[in-house]
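Single-structure report; data block below.
Taken together, the values in this text are just the output of simple stated rules run on the coordinates, not laboratory data. Note that the structure is predicted; figures quoted are calculated from it, not measured. For neighbour counting, all protein chains shown are included, and Cβ atoms are generated from backbone atoms with ideal geometry for every residue, glycine included.
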Amino acid sequence: MLYSEKVLDHFSNPRNVGEIEDADAVGEVGNAKCGDIMKMYLKIDGDTITDVKFKTFGCGAAIATSSIATEMIKGKKISEALKLSNKAVIEALDGLPPAKIHCSVLAEQAVKAALSDYYRKQGIDPTPIVGEI
Ligand code: FES
Ligand code: FES
């Protein structure tokens, strides 16, 4: 089987799909090679991510990785969400085929792009905190 049960589950029944109209932060990333685009919306209260939604125009693995990434950061502190790595996303999905690893990178980057937006909106340079995306 190319895809794990978890990938198939998150692809066919993605969690937290949609937009947050009054989001505190929005991040959008894309992969130039495959053309897939991922958009992540966050609600943040203090230093806690209280809500997350995503929209992904992309492959099944991109949808599954964004879906599980939203679950992994919802209710967490910003500092914990910043530690979300694509490796953790892959592990949470019980693996991804090699050609689909970059989809998990996109999920990590979408979270980081949204958090960068959050800092930027407060006049804080995100690069030292979030790193290069
Ligand atoms: Fe993303 Fe085929 S490359 S859908
Ligand atoms: Fe490019 Fe999945 S094929 S994000």
**OP:** Determine the relative contact order of region 5-123: mean sequence separation of Cα pairs under 8 Å and six or more apart, normalised by residue count, in whole percent.
**Re:** 31 percent
Subject >> Length released on extending from Leu82 to Thr48, taking residue separation times 0.36 nm less the Cα-Cα span >> reply: 11.1 nm
Subject >> Beta bridge orientation in the chain: antiparallel %, DSSP, nearest 5 >> reply: 95 percent
**OP:** Measure off 7 Å from each Cα along the Cα-to-Cβ vector at Glu19 and Ala32, then give the distance between these two points in nanometres to one decimal.
**Re:** 2.7 nm
Subject >> For the chain, alpha-carbon Rg relative to the globular expectation (2.2 N^0.38 Å, N residues) >> reply: 0.98
Original post:
In region 79-133, which trypsin sites (Lys or Arg not before Pro) fall in coil by DSSP and have 15 or fewer other Cβ atoms within 10 Å?
Top reply: Lys83
Subject >> Net charge contributed by nearby residues that have their C-beta within less than 13 Å of Asn86 (K/R +1, D/E -1) >> reply: +2
Subject >> Extreme residue, positive dipole direction of region 18-82, given options Thr50, Leu82, Ala62 (C-beta unit charges) >> reply: Ala62
**OP:** With a Förster radius of 41 Å, plug the Cβ-Cβ distance of Asp9 and Asp125 into 1/(1 + (r/R0)^6) and report the FRET value to the nearest 0.05.
**Re:** 0.60
Original post:
Which pairs in the list Lys74/Lys100; Lys33/Lys112; Lys77/Lys100; Lys53/Lys112; Lys6/Lys74; Lys33/Lys74 are over 22 Å apart, alpha-carbon to alpha-carbon?
Top reply: Lys74/Lys100; Lys77/Lys100; Lys33/Lys74
Original post:
With all pairs of different alpha carbon atoms counted, what Kirkwood hydrodynamic radius in Å does region 46-121 show?
Top reply: 12.5 Å
**OP:** First select every other residue whose beta carbon is under 10 angstrom from the beta carbon of Asp45; then total the charges, Lys and Arg +1, Asp and Glu -1.
**Re:** -2
**OP:** Could you tell me which trypsin sites (Lys or Arg not before Pro) in region 25-79 are loop residues by DSSP with no more than 13 other beta carbons within 10 angstrom of their beta carbon?
**Re:** Lys33
